[in-house]
Amino acid sequence: MNGKYSDQSGAVILAKEQRVSWLFITVWTLAQLGLWASLLTPANVGLALRVADIAPENKDFIYSTISCIGAIVAIFSNYLWGYLSDRTTSRFGMRRPYMVGGAIGSLAGAALMGTALNIPQLFIGWLILQFSANAAITTFLAVIADKVPASQRGIASGFSGMCRTLGVLTGTFIIKLIPDSLVLVFVLPACVFILFTLIFLMMFEDKKLARSEAMPVRAAEIFGVFGMIYRRVRSEHTFGWTLGSIFLLQCTIAVGQTYLVYFASDYVHIPRNEITTVAFYAVLIMNAFSCLTAPIAGYIADRINARRKVFKFSSVFLAAGVVSLLFFPNLYGYYTGYALIAIGFGVFEGLFIAVATTSATGKQDANVGADLGIINMAVSTPGILLTFSAMVLVSAGIGANYIVLYGGSGLLSLLALFTIGRIKSSKTPTPRAEYVTD
């Protein structure tokens, strides 16, 4: 961090910020890539295949139920592990135990899912995987606030956001590589996760918290999380505006991702025999553009020292993508719309953690794990709400419902321009050595 010291002439020198190395960021990124691959490979493909193998007659209902419950567990466990890590006084550090436990638990859950003989075993394995992986997700993100200086948080956040997309692609590659071994489809990504986690821990000097400085663990704060969030938002407005911005932007992203296929068939009127190809290219566009945009957005935000202003471009691109989709109901408008949404998604993924960890949130250093857990709740909640509400709108079979669904999500992304503007500026001085005479 920036600090001052005196030289022999009596001048005061502003010392250079303590930056982390590119090797540190690279290994940290690879560990998260393994983490997301170990979680998203079962989530996107493996779980559906195992349900179809075990209970083909009720696969749709069982898969939806297991997925929904797992998502709810993920939301609350994210906050729980972040909250506990803020109060951990282990001699191994505050975050390290949860990284190790999360990696081992992910392997155990994945192995149980891959070898399950019935639905209860599969369900338990899925819950173990969700519970464990989210312990690692929160604590790996906490490293940004713990170790990465503000001037590098944009690029670090960008690489972290890129890992989510690459995790999907890595899982897809693994399935293509070993299509006949579902056990390896589940276990191999988890083994990669453990390997890179161990490598990272060898070079990671974790923060250690003295018992005298640790905040107490209160059950009311854990189980009364929504009440706690309400009180935080009322007392710390910047935290509230940050949460609101992330939630609004994620609503547009969730709509675009969830109804990509249905929108193409019902609104753009793509023939049934062409839907698979069109959807494949749309998904490819989403993944490629967002993956490339995330680190670029983080890098630019760091270079110009304006994370909040760059973050606003997420809102602009998302809204522009919705306009293209709704006003140009043809294949070109469809691909263009999803390209613009993907760029907005990339800016979002690349900067939401950086914005959250550099905004003024009261006792940020003491609550960073819990705060990131709450931030991840804001990221995940729109997708779960869509599962329960948006299908009711679309199931009526009226094309105008897509105008309401997509148009409404686009308006929410524009509303985020206002909420982002209300986030307290967190600019940091550009690190340099300068003399200040007494």
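The values are calculated or read from the model by the stated rules, or taken from the named source; none is laboratory data. All values reported here derive from a predicted model rather than from experimental measurement. Cβ: placed from backbone, ideal geometry, glycine included. Neighbour counts: every protein chain shown.
Restricted to segment 1-58, and to residues that are among the basic types (Lys, Arg) and within 30 Å of Ser157 (Cβ to Cβ), which residue is modelled with the highest pLDDT? Looking at residues that are among the basic types (Lys, Arg) and within 30 Å of Ser157 (Cβ to Cβ), I get Arg19. Of the residues making up segment 80-124, those that are in contact with a Phe, Trp or Tyr (Cβ under 8 Å, 6 or more places away or on another chain) and among the aromatic types (Phe, Trp, Tyr) are Trp81, Tyr98. Just one residue in the set Thr361, Thr381 is in contact with a Phe, Trp or Tyr (Cβ under 9 Å, 6 or more places away or on another chain), modelled with pLDDT under 85, in a loop (DSSP other than H, G, I, E, B) and not basic (Lys, Arg); that residue is Thr361.
Looking at Ala156, Ala142, just one residue is buried (at least 24 other Cβ atoms within 10 Å of the Cβ), of a type in the set (A, V, I, L, M, F, W, C) and within 25 Å of Ile72 (Cα to Cα), and that residue is Ala142.
One residue alone among Leu195, Leu177 is of a type outside the set (Asp, Glu), touching a residue at least 40 places away in the same chain (Cβ under 8 Å) and outside the structural domain of Asn287 (by TED's automatic domain parsing), and that residue is Leu195. For the condition free of Cβ contacts under 8 Å to residues at least 60 places away in the same chain, outside any loop (DSSP other than H, G, I, E, B) and of a type in the set (S, T, N, Q), Thr276 qualifies. Only one entry of Val233, Val217 meets the criterion of being farther than 27 Å from Gly346 by Cβ and part of a helix (DSSP H, G or I), and that entry is Val233.
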